[in-house]
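Only one structure is covered here, and it is reproduced in the block below.
The values are calculated or read from the model by the stated rules, or taken from the named source; none is laboratory data. Note that this is a predicted model, so its numbers are computed, not measured. With ideal geometry, Cβ positions are generated from the backbone for all residues, glycine too; neighbour counts draw on all protein chains shown.
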Amino acid sequence: MAHKPEKHMILTVFMLPPGYYKDSWRLPGSRSEELGYLDFVTDLTLMCERAKLDSVFFGDVVTASTILEGNMMTTGLNEPITTLSALAGRTSKIGLTGTVSTSFSLPFVTARQLSGLDSLSGGRAGWNIVTSWMGGENFGIDELPAPAERYRRATEFVDVAVKLWDSWSDQAVINDRASGWWADPAKIQAIDYDGEFFKVAGPLNMRRSPQGRPVLFQAGSSADGMELGATFADVTYTAQPRKDGAAEFYAKYKELVRAKGRDPRSVKVLPGILPIVGETDAEAEEIAKDLANHINFDSGRVQLAKNLEIDIADIDLDERIPAERWSEDPSRGSRYHIFRKLTLDDGLTLRDLVVESYRSGAHLWAVGSASKIADVMVDWFEGGAADGFSLNPPHMPDGLRRICDLLVPELQERGYFRTEYEGDTLREHLGLDRPGAWDTH
């Protein structure tokens, strides 16, 4: 008898219209001439909704530097709040998650934007909480603070936003025509927040949204990132290229959540996976080879040097970055230390690291038939390494189509993913409770 899982995976899509595999936009049929426009991302999002996926996720950067360097993977062509608001009217079920940086916005503004998105979409909004390490020049910031300060600001930022969302009781709107009161002032509470970074009186000037609060996502596996995520996040994205490392992170993170007084089962951990899916293993290998043929190694090594903050100009592509050029400083970030481990422990050359950065950005990657890739995902899911995955389509739109038309049906057939949406809100998709307001705390 086939194994019947007690619960299904959570599957979200990292919506990078140029494709997650760097330079895959150069492939024929990529629709790269439509990047930044609504019809293209609408088609991609509706594809995900037909596959019953939990959410699409739009990342963001606030600088043109990546485009000027020839890197089309991480761009700000689709500003998340405006794009997701437009998609709210073109979709009906799928979650709509976007990045807003705590380094460059204000809690009251962000709380209003996300509450508005949640109401416009009928309860499908999610916020990916990040701090930023580039883009300060566009906000009058000559030098961004060290990570520890950025995360202190982020913690306070999210705390304020949560208090603002909770400042209206679910019973605040009384719509009493006879008395002339649409809202009951006794059910709306100021927050009077006065912290290190923010002073906000509140309350929010918007009624409570369908989910109470948007679903909180957080991306980051550093110690500071884990602390922030364990305090607030409903879902955590993480880059984990190996199952043993993913399982270690999963256990450590869930224990940190428990130490915060939260139920670990209510917090979902989603490693990223870049699946190159074919009708057969051989077809998938051909697709992978075609993608690799578009790697620009000159541009790749420049981008890698910038991201790692290591001088590699004198290193041949087939040499390894010397051990003495790597730092053990944990503040360098989780991605840095993944690449450090790949060099020092796994023996990857500079060429290998460029390929890794182009292909998966230190996420898990898998090449093969839907059955073969599903085997890997089920192994991680059953092995205590993941509650689901962030699907990173290698190329658009065909890479996403193969995920939706080949890989997802394979997981559905095995009972590891839904065949129909169970509810209308993102919280319902993820199996999360709706939080109460200030009067229920």
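Among the candidates S119, S85, S101, which residue alone is among the hydroxyl-bearing types (S, T, Y), modelled with pLDDT of 95 or more and within 13 Å of R213 (Cα to Cα)? It would help to see each step written out before you state the result.
Details: S85 fails: within 13 Å of R213 (Cα to Cα); S101 fails: within 13 Å of R213 (Cα to Cα).
The conditions single out S119.
So, of the residues in the range 233-263 that are buried (at least 20 other Cβ atoms within 10 Å of the Cβ) and hydrophobic (A, V, I, L, M, F, W, C), which turns out to be farthest from A148 (Cα to Cα)?
Across the range 233-263, the extreme among qualifying residues is A246.
When the range 171-180 is examined, which residues are found to be surrounded by 15 or more Cβ atoms within 10 Å (Cβ to Cβ) and either assigned to a loop (DSSP other than H, G, I, E, B) or not aliphatic (A, V, I, L, M) (or both)?
So the first thing to find is which residues in the range 171-180 are surrounded by 15 or more Cβ atoms within 10 Å (Cβ to Cβ), and the list is 172-173.
Listed by number, the list holds a single entry, A172.
Looking at (1) buried (at least 20 other Cβ atoms within 10 Å of the Cβ); (2) in a loop (DSSP other than H, G, I, E, B); (3) hydroxyl-bearing (S, T, Y), find the lone condition where S92 falls short.
Checking S92 against (1) buried (at least 20 other Cβ atoms within 10 Å of the Cβ); (2) in a loop (DSSP other than H, G, I, E, B); (3) hydroxyl-bearing (S, T, Y), the one that fails is (1).
Identify the residue in the range 181-217 that is within 26 Å of D60 (Cβ to Cβ) and among the β-branched types (V, I, T) and, among all such residues, is surrounded by the fewest Cβ atoms within 10 Å (Cβ to Cβ).
V200
Among the numbered criteria (1) in contact with a helix residue (DSSP H, G or I) (Cβ under 7 Å, 6 or more places away or on another chain); (2) assigned to a helix (DSSP H, G or I); (3) of a type outside the set (A, V, I, L, M, F, W, C), which one does D60 miss?
Just one mismatch for D60, condition (2).
Of the residues that sit in the range 288-311 and are surrounded by 15 or more Cβ atoms within 10 Å (Cβ to Cβ) and free of Cβ contacts under 8 Å to residues at least 40 places away in the same chain, which one is nearest to R242 (Cα to Cα)? Quick ask: steps written out before the conclusion?
From the range 288-311, those surrounded by 15 or more Cβ atoms within 10 Å (Cβ to Cβ) are 288, 291, 294-296, 299-305, 307-308, 310; that's our starting set.
Now restrict to residues that are free of Cβ contacts under 8 Å to residues at least 40 places away in the same chain: 305, 308, 310.
On the way: A305: 23, L308: 20, I310: 24 Å.
Per the criteria, the residue is L308.
Under 6 Å between Cβ atoms, which residue pairs at least 6 apart in sequence (or on different chains) link something in the range 29-42 that is on the phi > 0 side of the Ramachandran plot with a partner that is modelled with pLDDT under 95 and among the basic types (K, R)?
Hits for this filter: zero, empty list.
Hey, among the residues in the range 371-393 that are among the acidic types (D, E), in a helix (DSSP H, G or I) and in contact (Cβ under 8 Å) with a residue 40 or more places away in the chain, which one's farthest from R359 (Cα to Cα)? Spell out how you get there, then give the answer.
Taking the range 371-393 first, the residues among the acidic types (D, E) are 375, 379, 382, 387.
Of the ones still in play, those that are also in a helix (DSSP H, G or I) are 375, 379, 382.
Next, only the ones that are in contact (Cβ under 8 Å) with a residue 40 or more places away in the chain stay: 379, 382.
Values: D379: 22, E382: 26 Å.
Per the criteria, the residue is E382.
Restricting attention to the range 112-129, does a residue exist that is part of a loop (DSSP other than H, G, I, E, B), out of contact with any Ser or Thr (no Cβ under 8 Å at 6 or more places or on another chain), more than 25 Å from T66 (Cβ to Cβ) and among the basic types (K, R)?
So far as the range 112-129 goes, no, none of its residues is part of a loop (DSSP other than H, G, I, E, B), out of contact with any Ser or Thr (no Cβ under 8 Å at 6 or more places or on another chain), more than 25 Å from T66 (Cβ to Cβ) and among the basic types (K, R).
On the given criteria, is Y253 in a helix (DSSP H, G or I) and either under 22 Å from W438 (Cα atoms) or touching a Ser or Thr at 6+ places or on another chain (Cβ under 7 Å) (or both)? Give the steps one after another, and end with the answer.
Working: in a helix (DSSP H, G or I): yes; either under 22 Å from W438 (Cα atoms) or touching a Ser or Thr at 6+ places or on another chain (Cβ under 7 Å) (or both): yes.
In short, yes.
Go through the range 232-251 and give me each residue that's among the small types (G, A, S) and either on the phi > 0 side of the Ramachandran plot or modelled with pLDDT of 95 or more (or both). Spell out how you get there, then give the answer.
Restricting attention to the range 232-251, the residues satisfying the condition of being among the small types (G, A, S) are 233, 239, 245-247, 251.
Hits for the range 232-251 are A233, A246, A247, A251.
Among the residues that make up the range 136-156, is at least one of them surrounded by fewer than 16 Cβ atoms within 10 Å (Cβ to Cβ), among the polar types (S, T, N, Q), touching a residue at least 40 places away in the same chain (Cβ under 8 Å) and over 17 Å from L204 (Cα atoms)?
Residues of the range 136-156 that are surrounded by fewer than 16 Cβ atoms within 10 Å (Cβ to Cβ), as a first pass: 137-143, 145-146, 148-149.
Remaining after also requiring among the polar types (S, T, N, Q): 138.
Narrowing further to those that are touching a residue at least 40 places away in the same chain (Cβ under 8 Å): 138.
Imposing the further condition that a residue be over 17 Å from L204 (Cα atoms) reduces the set to 138.
Yes, the conditions are met somewhere in the range 136-156.
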